[in-house]
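*Asks:* This structure is in structure tokens; I'll ask about it shortly.
The values are calculated or read from the model by the stated rules, or taken from the named source; none is laboratory data. The structure displayed is predicted, hence computed values, not measured ones. Cβ: placed from backbone, ideal geometry, glycine included. Neighbour counts: every protein chain shown. Keep in mind that these areas ignore ligands, DNA and RNA; they rest on the heavy atoms of the full protein, side chains included. Shrake-Rupley method; radii C 1.70, N 1.55, O 1.52, S 1.80 Å.
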Amino acid sequence: NFMLTQPHSVSESPGKTEIISCTRSSGSIASNYVQWYQQRPGSSPTTVIYEDNQRPSGVPDRFSGSIDSSSNSASLTISGLKTEDEADYYCQSYDSSNHHVVFGGGTKLTVL
Amino acid sequence: QLQLQESGPGLVKPSETLSLTCTVSGGSISSSSYYWGWIRQPPGKGLEWIGNIYYSGSTYYNPSLKSRVTVSVDTSKNQFSLKLSSVTAADTAVYYCARQAKYSSGWYDFDYWGQGTLVTVSS
């Protein structure tokens, strides 16, 4: 199994841009899709990015996803930060060698 | 609109078996396009995948929990279930059930989640 490593916490001001990273420990980041979830306190997670860079309907285009093979990582970029974006964000991928789901440890985003 | 709802005891004694059921409404659990999964989240901590099941009964488990986990499906009731044996305080968590779409070479995101149910392990 591989691991997905995220920063524990990040903070930025409203209107700015924040990039949250998710680094895969082994194997290529490009070999399986990466998803990103937003979780507000007391709520279930919801998808903000799937298939590396696709946005579900209803997710603002301020949210975007990408992968970088050189750093073997995925990134979630949130532009024009709003206080409502304050939440925990989790990356998730799939280990095709054993049909396992892998979650990153989560990143707490503070918008202040 | 698809809905998932977890049900089961909120308190389990140490060494006993935790049992939860997820009832799916607004769609069929027998769809060939999806897996059905259990994910948990200890208080103040991150998400941990427990396992997935296909409507045919094929299962995949987190290796760290595999020896204690059983996930089963009842297509007649549109439900799937989780059993976790020999629980300890470390198994105290919010338990979520969710749907995960599959494609030719893998699985997509968990696109529908239940509201989650807190299970506390305590005597």
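*Asks:* Under 8 Å by Cβ, and 6 or more places apart or on different chains, what pairs join a residue from the stretch A:80-108 that is more than 8 Å from every other protein chain (Cβ to nearest Cβ) and assigned to a loop (DSSP other than H, G, I, E, B) with one that is open to solvent by 50 Å² or more (accessible area, probe 1.4 Å) and among the β-branched types (Val, Ile, Thr)?
*Replies:* Qualifying pairs under 8 Å: A:Gly80/A:Thr17; A:Leu81/A:Thr17.
*Asks:* State whether the residues of the stretch A:24-33 include one that is within 11 Å of another protein chain (Cβ to nearest Cβ), surrounded by 16 or more Cβ atoms within 10 Å (Cβ to Cβ), aromatic (Phe, Trp, Tyr) and not in a loop (DSSP other than H, G, I, E, B).
*Replies:* No, that holds for no residue.
*Asks:* Select, from B:Ile53, B:Ile39, the only residue that is within 9 Å of another protein chain (Cβ to nearest Cβ), among the β-branched types (Val, Ile, Thr), touching a strand residue (DSSP E or B) at 6+ places or on another chain (Cβ under 6 Å) and open to solvent by less than 20 Å² (accessible area, probe 1.4 Å). Outline the logic, then answer.
*Replies:* Working: B:Ile53 fails: within 9 Å of another protein chain (Cβ to nearest Cβ).
B:Ile39 is the lone residue from the list that is within 9 Å of another protein chain (Cβ to nearest Cβ), among the β-branched types (Val, Ile, Thr), touching a strand residue (DSSP E or B) at 6+ places or on another chain (Cβ under 6 Å) and open to solvent by less than 20 Å² (accessible area, probe 1.4 Å).
*Asks:* Same structure, new question: Taking the conditions exactly as written (buried (at least 20 other Cβ atoms within 10 Å of the Cβ), without any contact (Cβ under 8 Å) to a residue 60 or more places away in the chain and away from chain A (no Cβ under 14 Å)), does B:Val119 satisfy them or not?
*Replies:* Numbers: buried (at least 20 other Cβ atoms within 10 Å of the Cβ): yes; without any contact (Cβ under 8 Å) to a residue 60 or more places away in the chain: no; away from chain A (no Cβ under 14 Å): yes.
No; evaluated as a whole, the condition is false for this residue.
*Asks:* Okay, next question. Test B:Arg68 against the criterion of being open to solvent by less than 40 Å² (accessible area, probe 1.4 Å) and among the charged types (D, E, K, R), and give yes or no.
*Replies:* Details: open to solvent by less than 40 Å² (accessible area, probe 1.4 Å): no; among the charged types (D, E, K, R): yes.
Here the answer is no, as B:Arg68 does not meet what is asked.
*Asks:* Something else about it: State yes or no: is B:Leu20 within 14 Å of the chain's Cα centre (by Cα), of a type in the set (A, V, I, L, M, F, W, C) and within 21 Å of A:Ser44 (Cα to Cα)? Before you say what the answer is, go through the steps one by one.
*Replies:* On the way: within 14 Å of the chain's Cα centre (by Cα): yes; of a type in the set (A, V, I, L, M, F, W, C): yes; within 21 Å of A:Ser44 (Cα to Cα): yes.
In short, yes.
*Asks:* May I ask you to list the residues in the stretch B:79-104 that are surrounded by fewer than 17 Cβ atoms within 10 Å (Cβ to Cβ) and at pLDDT 95 or above?
*Replies:* If the condition is that a residue be surrounded by fewer than 17 Cβ atoms within 10 Å (Cβ to Cβ) and at pLDDT 95 or above, then B:Lys83, B:Ser85, B:Ser86, B:Thr88, B:Ala89, B:Ala90 are the ones that fit.
*Asks:* Kindly check whether there is at least one residue in the stretch B:42-52 that is touching a helix residue (DSSP H, G or I) at 6+ places or on another chain (Cβ under 9 Å), closer than 26 Å to A:Thr107 by Cβ and not in a loop (DSSP other than H, G, I, E, B).
*Replies:* Going residue by residue through the stretch B:42-52, those that are touching a helix residue (DSSP H, G or I) at 6+ places or on another chain (Cβ under 9 Å) are B:42.
Subset that is closer than 26 Å to A:Thr107 by Cβ: B:42.
Subsequent filtering for residues that are not in a loop (DSSP other than H, G, I, E, B) retains none.
No, the stretch B:42-52 contains no residue that is touching a helix residue (DSSP H, G or I) at 6+ places or on another chain (Cβ under 9 Å), closer than 26 Å to A:Thr107 by Cβ and not in a loop (DSSP other than H, G, I, E, B).
*Asks:* If you don't mind, another one. State yes or no: is B:Thr59 within 11 Å of chain A (Cβ to nearest Cβ), crowded, with 16+ Cβ neighbours inside 10 Å, more than 28 Å from A:Thr107 (Cα to Cα) and modelled with pLDDT of 95 or more? Give the steps one after another, and end with the answer.
*Replies:* On the way: within 11 Å of chain A (Cβ to nearest Cβ): yes; crowded, with 16+ Cβ neighbours inside 10 Å: yes; more than 28 Å from A:Thr107 (Cα to Cα): yes; modelled with pLDDT of 95 or more: yes.
Considered against the rule, which asks whether it is within 11 Å of chain A (Cβ to nearest Cβ), crowded, with 16+ Cβ neighbours inside 10 Å, more than 28 Å from A:Thr107 (Cα to Cα) and modelled with pLDDT of 95 or more, B:Thr59 comes out as yes.
*Asks:* State whether one or more residues within the stretch A:56-75 are away from chain B (no Cβ under 12 Å), surrounded by 22 or more Cβ atoms within 10 Å (Cβ to Cβ), out of contact with any His (no Cβ under 8 Å at 6 or more places or on another chain) and touching a residue at least 24 places away in the same chain (Cβ under 8 Å).
*Replies:* For the stretch A:56-75, residues away from chain B (no Cβ under 12 Å), surrounded by 22 or more Cβ atoms within 10 Å (Cβ to Cβ), out of contact with any His (no Cβ under 8 Å at 6 or more places or on another chain) and touching a residue at least 24 places away in the same chain (Cβ under 8 Å): present.
*Asks:* Also, quick follow-up: Any residue in the stretch B:76-89 that's over 28 Å from B:Ile29 (Cα atoms): show its pairings with residues that are open to solvent by less than 70 Å² (accessible area, probe 1.4 Å) and in a loop (DSSP other than H, G, I, E, B) at Cβ separation under 6 Å, as long as the two are six or more apart or on different chains.
*Replies:* B:Ser86/B:Arg68; B:Thr88/B:Pro14
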